[in-house]
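What follows is a short report on a single structure.
The values are calculated or read from the model by the stated rules, or taken from the named source; none is laboratory data. Just so you know, these numbers come straight off a predicted model, no measurement behind them. Here Cβ is always computed from backbone atoms with ideal geometry, including for glycine, and neighbour counts include all displayed protein chains. Heads up: the accessible areas ignore ligands, DNA and RNA and are worked out on the full protein's heavy atoms, side chains in. Shrake-Rupley method; radii C 1.70, N 1.55, O 1.52, S 1.80 Å.
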Amino acid sequence: MANLSSFVMQEADRQSSTQEEVIDSNKMENFYNSALSSIKQMNSEVAKCADKREQLHAEYGAESFAAWRKEHSGQVLTEHQQALVEDNEKAMRGPVSRKSSAESR
């Protein structure tokens, strides 16, 4: 969130210093507060989804998820898209899989 929040604040400063027309500062402040609030909300939802996904992986196992993902991908994606999904999944699951393997020892 820090990167996106920093971007919003930097952009607000840049726009306020280069603005040709005067925009009501209350409206501008409300807009940026709303944007920052939305960022926090989205990050919270992403974290909840990640937690839920990890719980489901723990319950059903990575092998089941891989089989389901492959079956679904084969039905709705091109071969190139399927490869991208698998590459992304490997990148995302890599550290978790190593952690799980270490914990099971």
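Less than 18 Å apart at the alpha-carbon level, and either on another chain or at least 8 residues along: which aspartates and glutamates does that give for residue 27?
11, 13
Please give me the summed charge of the neighbours of residue 37: other residues whose Cβ is under 15 Å from its Cβ, Lys and Arg +1, Asp and Glu -1.
Details: positive: 40; negative: 29, 45.
The answer is -1.
Within region 21-70, what whole-number % of the accessible surface is contributed by carbon and sulfur, with the 1.4 Å probe and all protein chains included in the calculation?
The C+S portion of the solvent-accessible surface of region 21-70 is 56 percent.
Let me check I've understood the local charge: for residue 59, count other residues with C-beta under 13 angstrom from its C-beta, Lys and Arg +1, Asp and Glu -1. What total comes out?
Computed value for this residue: -1.
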